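Working notes, structure below.
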Amino acid sequence: MKTDTHCQMKFILAVLFFSLLSGRVMSVDQPSLKQVYKPYFLVGCNYRPDWAEEGAMKNLLVQEFNVITPSNIMKPALIHPRENEYHFEAPDKMVELAMKNNIKVVGHTLVWHNQTPDWFFKDQNGKQASRDLALARMKEHITTVMRHYKGKVLGWDVVNEAIDINDPAKALRESSPWYRTVGPDYIEKAFEYAHEADPDAELYYNDAGIENPLGCERTVALVKNLKSKGLRIDGVGIQGHWGLYFSPEQLEKSILKFKESGVKVMITELDMGVLPGQPPGAEITYTKEWTQKMDPYREGCPKEILNKQALLYGELFKVLMRHSDVVTRVTFWGISDGDSWLNNWPIKGRMNHPLLFDRNLKPKPAYDTLIRITKRPSS
Ligand code: XIL
C-alpha cells in the first residue's frame, strides 16, 4: 500500500512538473478538448513547423487536439515553389508527429488564388499560360502532392475561397488566376484530379463567409453542380474567422442547408477576434488616437470582453454539438493568442486575443466554457 501511495505521489509530482514546464498548471484529472468533444466531432488546430520541436507548444497541441491543418507548408508557394521543385520535408515532419501522437491531418490547400506561385500561370515566354497548360500543371501538382501523402491524410481542402461572397452579379471570384487562365470549370477539374490522385481521401471545398445567406446559397450551388457531374465532394469547410459580432443563428441555418445538399460540415479555421475592423486599403497613421481605437488591448484584454468571447464560443459550440450528425470537425486557427495570424491581419502588428489560450499559454474563460458545456448538469 505504502508503495502505491508513493507511486501516486511520484506520478502527481511528475504531472505537475511537466505542467509547469508547458507553462500550464492543470489538475491531474483535467480533461482536454479532444476528450470532451470525442462524442461529437474532432477538435483541431493549425500547425506551424516550429511546434514539432519539444516544448510547451508541442505539449499543448498533442494534449488538446486530435487533428491538425498546416498553416502554410502545404500551400503551393511552399510545397511547390518552382516547376519540378517540391519541398516535402516540413510537411513530412508534421505527418510523422501526427502519426506518432494519434492525430489526423487535413491537407491545406491544393487550389487557391493566394500563396500560389506565378509560374503556374505563365508559359515559357512569360505570357499567360493557355488553359491546357494551366490545367496540366494543376493536375501534376494535385497528383504529386496527394500521392505523396496517400493513406496519411484524412482529406484535402481541394479548392479554397473560389466563391464571390459579396458581388450579387458574380458567383465566383473572377480575379483568381485559376479562373482567369482556366475558366469557371477549374473547380470541377480540381475535384476530378483530386479523386483520381487518391480515391480514398475525403475532398472538401473551403471558404470564408459562406455561412452568410449569399455565400451559403452559392456554396450549395457549387456542391450540387459537382455532384450532378458525378464528382466526389465530402464536405464544406466554413473557415470561421469571426469576431464579437458573430451570429450563431445564421450559422445554424447554413449548416442545415449544407446538410440538405448532402455534405459534411467542418469549421476549419476558427478564431473569434476582439479588435475593430478597418476598411481595406485605408491609410494607417499610428497615432495615439489610432492605437486607442484600433488596437485597444495591447496591455491585455479586459475581463468583460473575455467573458463575452467565452459566451459566444459557448453558443457556437452548442450549435455545433446539436448538429454533430453533420459537423465532423472544428479546427482553431492557432493555439494561443500570441500565435494568431490576426495579430498581423488585416493590419500588421496589433494585439488580438481570438483563441482559447492566452499569451502565457494559460487557458482563457473561453476554454473553460468549452469544457464546462459538455458536462451534464448535476442533478
Ligand atoms: C494564413 C496563415 O495563417 C498565415 O500565416 C499566412 O501568412 C496567410 O494565410 N484563409 C486560409 C488560410 O485559407 O490559409 C489563411 O492562413 C487564412 C485565411
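The values are calculated or read from the model by the stated rules, or taken from the named source; none is laboratory data. This is a predicted model, so every value here is computed, not measured. Reconstructed Cβ throughout: ideal geometry from the backbone, glycine too, with neighbour counts over all protein chains shown. When the accessible area is computed, the model is the full protein with side chains, heavy atoms only, and any ligands, DNA or RNA have been set aside. Shrake-Rupley method; radii C 1.70, N 1.55, O 1.52, S 1.80 Å.
Calculated from the alpha-carbon coordinates, region 31-73 shows an Rg and a Dmax of 10.8, 31 Å respectively.
Would you calculate the volume per residue, in Å³, of the smallest convex hull containing every Cα atom of region 285-326? It would help to have the intermediate numbers written out before the result.
Working: hull volume 3.8 nm³, N = 42.
So the per-residue hull volume is 91 Å³.
What angle, in degrees between 0 and 90 and rounded to the nearest 10, separates the Cα long axis of helix 2-21 from the longest principal axis of the Cα atoms of the chain? That helix lies at roughly 50 degrees to the long axis. Estimated purely from DSSP H runs of n ≥ 4, each contributing -39500 (n - 2.57), the mean residue ellipticity at 222 nm for the chain is -12000 deg cm²/dmol once divided by its residues. When the chain is described by a simple charge dipole with +1 on each Lys and Arg Cβ and -1 on each Asp and Glu Cβ, the residue from V95, P365, N59 located farthest towards its positive end is P365.
The alpha carbons of region 45-112 give a radius of gyration and a Dmax of 12.2, 38 Å, in that order. Calculated over region 248-379, the projected area of the Cα convex hull averaged across directions stands at 10.2 nm².
Only four residue types carry charge here, +1 at the Cβ of Lys and Arg and -1 at the Cβ of Asp and Glu. Report the dipole size of the chain about the Cα centre in Debye, rounded to the nearest 20. If you can, show how the numbers build up before the last one.
Numbers: 49 positive and 47 negative charges, 153 e Å.
So the dipole magnitude of the chain works out to roughly 740 debye.
Treating only the Cβ of Lys, Arg, Asp and Glu as charged (+1, +1, -1, -1), what charge dipole size does region 134-224 show about its Cα centre? Round to the nearest 20 debye. Show your work: numbers first, answer last.
Values: 11 positive and 16 negative charges, 59 e Å.
In debye, rounded to 20, region 134-224 gives about 280.
Along the axis of the charge dipole computed for region 251-310 (Cβ charges of +1 for Lys and Arg, -1 for Asp and Glu, origin at the Cα centre), the listed residues G262, I305, G277 are led at the positive end by G262.
Evaluated at q = 0.21, 0.26 Å⁻¹, the base-10 log of the normalised Debye intensity for region 169-213, with identical point scatterers placed on the Cα atoms, takes the values -0.86, -1.03. Along each principal axis, taking the top coordinate minus the bottom one, the Cα set of the chain gives 76, 53, 42 Å in descending order. Can you pull a Stokes-Einstein diffusion coefficient for region 144-189 at 37 °C (0.692 mPa s), Rh from Kirkwood over Cα pairs, as a whole number of µm²/s? Roughly 264 µm²/s, to the nearest whole number.
For the chain, what does the accessible surface come to per residue with a 1.4 Å probe? Please give it in Å².
48
Solvent-accessible area of the chain (1.4 angstrom probe, protein heavy atoms only): carbon and sulfur portion equals 54 percent.
Which of the three applies to region 316-379, rounded, prolate or oblate, going by the alpha-carbon gyration tensor with a ≥ b ≥ c and a/c under 1.5 meaning rounded? In terms of gyration-tensor shape, oblate.
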